[in-house]
Amino acid sequence: MPKKKNAVRSGCPIANALDLVGDRWTLLVIRDLIFERRCEFGEFLGAGEGISTNILAERLERLCCAGLVAKFDHPTDGKKYVYRVTEAGVDLLPMIIEMVLWSAKHLPATKAPASRLDPLKTNRAAVIRQLRESLLAELKAAGRPVDR
């Protein structure tokens, strides 16, 4: 019997979070929204990891349905949309930053520039606060989301 799309495996908070953001692409989309300020479909495709169009479309839809991302009409092209991370998505910031710092410390292939790592190491709370404020301001400025 196929698994229901919104089925919950258990009451475990880690299992539930992994069911939403634990695949190989979802956190990279969130990363691009937060750190690179990518907001258009083509920009996500050009991020460098080689995500396919069908996987990207599914991840964006899933994130919108979960309330982590909002979809807006494109301001200049009626055929396109722009995506913004929501407050719930912004709340992933501390976890994502810890993953960045852990990877930089323990995984030799990690190539995060010192200009990004040093502020995270020295004043992570200030970085989170600043990112949070700017992301939520961008979300507010984007206007009313398109119906899912």
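Under the condition of being in contact with a helix residue (DSSP H, G or I) (Cβ under 8 Å, 6 or more places away or on another chain) and aromatic (Phe, Trp, Tyr), the residues counted in segment 79-136 number 2.
Residue-wise test of (1) under 14 Å from the mean Cα position of the chain (by Cα); (2) acidic (Asp, Glu); (3) surrounded by 12 or more Cβ atoms within 10 Å (Cβ to Cβ); (4) in a helix (DSSP H, G or I).
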position	(1), (2), (3), (4)
Cys65	yes, no, yes, yes
Phe72	no, no, yes, no
Tyr83	yes, no, yes, no
Gly89	yes, no, yes, yes
Met99	yes, no, yes, yes
Ala112	no, no, yes, no
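Of the residues Glu98, Glu87, Glu58, only one is in contact (Cβ under 8 Å) with a residue 24 or more places away in the chain, within 23 Å of Leu20 (Cα to Cα) and not small (Gly, Ala, Ser); which?
Values: Glu98 fails: in contact (Cβ under 8 Å) with a residue 24 or more places away in the chain; Glu58 fails: in contact (Cβ under 8 Å) with a residue 24 or more places away in the chain.
Going through Glu98, Glu87, Glu58 in turn, just one is in contact (Cβ under 8 Å) with a residue 24 or more places away in the chain, within 23 Å of Leu20 (Cα to Cα) and not small (Gly, Ala, Ser): Glu87.
Test of understanding: among Leu120, Leu107, which residue is farther than 21 Å from Leu20 by Cβ and either in contact with a strand residue (DSSP E or B) (Cβ under 7 Å, 6 or more places away or on another chain) or loosely packed, with under 13 Cβ neighbours inside 10 Å (or both)? Of the residues listed, the single one that is farther than 21 Å from Leu20 by Cβ and either in contact with a strand residue (DSSP E or B) (Cβ under 7 Å, 6 or more places away or on another chain) or loosely packed, with under 13 Cβ neighbours inside 10 Å (or both) is Leu107.
Considering only segment 4-14, I want to know if a residue exists there that is within 19 Å of Leu93 (Cβ to Cβ) and part of a loop (DSSP other than H, G, I, E, B). Quick ask: steps written out before the conclusion?
From segment 4-14, those within 19 Å of Leu93 (Cβ to Cβ) are 13-14; that's our starting set.
Narrowing further to those that are part of a loop (DSSP other than H, G, I, E, B): none.
No, every residue in segment 4-14 fails to be within 19 Å of Leu93 (Cβ to Cβ) and part of a loop (DSSP other than H, G, I, E, B).
One residue stands out among those in segment 120-147 that are outside any helix (DSSP H, G or I) and more than 18 Å from Ile30 (Cα to Cα): the one that is modelled with the lowest pLDDT, which is Asp147.
The values are calculated or read from the model by the stated rules, or taken from the named source; none is laboratory data. The model shown is predicted, which means the values in this text are computed figures rather than measured ones. Positions of Cβ are backbone-derived with ideal geometry, glycine not excepted, and every protein chain shown enters the neighbour counts.
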